[in-house]
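**Student:** For reference, the structure I am asking about is given below.
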Amino acid sequence: MVARYLLSAVVGSCLLSTAHAVPIPFTFDYSGEGANEGFNDPTLGARRKESLELAASRIGAVLERSYAGESIAVSARFDPLGGTATEAPIALGGFPFSVPTDAAGRWLGAALPGVPLGVPSTSYAPALANHVARRDLPLPAGTPSFEVQLVFNTDIDGAALGDSDFFYGDPRAGQGAAPAGDIDFLTLAMHEIVHGLGFFSGLAADGSYQGGRPFIFDRFLVNGDGDPLVGLTPAQRAAASTTEVVWNSEAGGGDEATSYTMYTPATFVALSSLVHLDPQAFDDALMSPAVEAGGVAVTRELSVPERVMLADIGWTVRGVPEPGSWLLLAAGLACWRGARRRGQGDASVGQPAAMAGGRSATRVACSNAYAS
Ligand SMILES: [Zn+2]
């Protein structure tokens with residue numbers, strides 16, 4: 001474990017050399033929380049907020065603003081999502097609505113002179129749409145005021161997963177590791193926030209796209225033959241989604257070294273298939289589909305693949321170099337791969353809960369946990 005953290009530190013130091021970047025700040029809306037519940041809990045509320053806000057700042061520090069005043073609004077609450085003594089959903093992360101482009105790449109089909117276009121006929125997470133457009137896009141009246149939506153399972157701190165609870169420790173105070181049996185809330189919150197930034201596929205089990213158009217994330221997915229999923233028939237996409245799907249990086253140059261295997265269990269799992277990295281290939285990645293209780297999954301950093309993927313979909317990411325300085329990232333990848341541990345066996349996940357919301361469906365992804 002010591003060696004692993006050392007290697008991670010090496011990766012961090014060689015990747016975080018970009019100077020003069022302005023991190024993206026987050027704002028938090030806890031108004032969906034009841035009195036004395038969740039983030040307002042008299043005992044745990046303050047630590048929960050501190051841990052969530054620290055998670056957001058760690059993500060924000062990896063990103064760079066694309067326009068003055070850019071910030072990301074998060075709505076967060078705790079709800080009882082249930083679970084058994086051995087298996088439970090632990091959180092949902094996503095965005096309350098999506099921002100589509102038309103066939104010309106115009107945001108919401110509107111002409112906005114001087115505003116960078118998006119990829120045509122594509123859906124974006126709202127925070128990402130603003131980032132790519134380099135402004136707060138004019139949204140229709142009634143649109144939710146937040147861009148990232150997070151729900152954490154209160155039952156984890158109760159009966160679900162037996163004695164396992166969330167660990168809200170603050171590494172700044174030297175509480176670096178979650179105690180055996182507990183789930184690192186900082187890791188979990190970072191994971192869910194990344195989903196809310198657009199680390200999310202719109203592909204359904206039948207191979208269709210939610211809302212009739214792919215998310216920008218979907219435009220980087222290819223099947224085992226290297227064919228982009230967006231160019232295939234729904235039946236072909238459905239077949240790929242339960243066999244092999246790979247992220248074909250643009251920021252990474254599209255070569256083999258920057259193709260990442262996505263999570264494609266043999267039975268399609270809504271909100272989990274394709275929106276996570278393959279845990280067999282990336283068992284320590286922040287964006288794995290499941291975490292095991294017991295402090296194994298303390299992953300408080302975005303890995304190089306995850307940074308590259310966020311850059312691909314349009315975020316300005318610190319440490320993802322411009323073309324011409326590729327040696328640096330190659331070194332980072334080698335560090336990461338050298339730090340990988342053995343596989344952890346089957347990481348199948350249960351059927352997650354779903355959230356409803358707003359005029360358009362809430363886009364959420366689910367994390368599940370297992371007591372060991
Ligand atoms: Zn997830």
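**Student:** List the number of the failed condition for G212; all other conditions in (1) surrounded by 22 or more Cβ atoms within 10 Å (Cβ to Cβ); (2) at pLDDT below 95; (3) more than 16 Å from the ligand (Cβ to nearest atom) hold.
**Tutor:** All conditions are met except number (1).
**Student:** Separate question: Only one of these is in contact (Cβ under 8 Å) with a residue 24 or more places away in the chain and either in contact with a Pro (Cβ under 8 Å, 6 or more places away or on another chain) or surrounded by fewer than 18 Cβ atoms within 10 Å (Cβ to Cβ) (or both): V269, V194. Name it.
**Tutor:** Criteria check complete, one pass: V269.
**Student:** Next up: Quick one: would you say G83 is part of a loop (DSSP other than H, G, I, E, B) and under 30 Å from G162 (Cα atoms)?
**Tutor:** In short, yes.
**Student:** Same structure again: State yes or no: is A91 in contact (Cβ under 8 Å) with a residue 40 or more places away in the chain and in a helix (DSSP H, G or I)?
**Tutor:** no
**Student:** Here's another thing I want to ask about it. Can you find even one residue in the range 229-246 that is within 16 Å of the ligand (Cβ to nearest atom), buried (at least 22 other Cβ atoms within 10 Å of the Cβ) and in a strand (DSSP E or B)?
**Tutor:** Yes, the range 229-246 contains at least one residue that is within 16 Å of the ligand (Cβ to nearest atom), buried (at least 22 other Cβ atoms within 10 Å of the Cβ) and in a strand (DSSP E or B).
**Student:** Of the residues G226, G207, G198, G181, which single one is within 16 Å of the ligand (Cβ to nearest atom) and either among the polar types (S, T, N, Q) or part of a loop (DSSP other than H, G, I, E, B) (or both)?
**Tutor:** Going through G226, G207, G198, G181 in turn, the sole match is G198.
Per-residue answers, yes or no, for (1) part of a loop (DSSP other than H, G, I, E, B); (2) among the charged types (D, E, K, R); (3) at pLDDT below 95:
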site: A104; (1), (2), (3): yes, no, no
site: V115; (1), (2), (3): yes, no, no
site: P120; (1), (2), (3): yes, no, no
site: H131; (1), (2), (3): no, no, no
site: P140; (1), (2), (3): yes, no, yes
site: I156; (1), (2), (3): no, no, yes
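The values are calculated or read from the model by the stated rules, or taken from the named source; none is laboratory data. Predicted, not measured: the structure shown is a model, and the values here were computed from it. Here the Cβ is made from the backbone with ideal geometry for all residues, glycine too, and neighbour counts use every protein chain on show.
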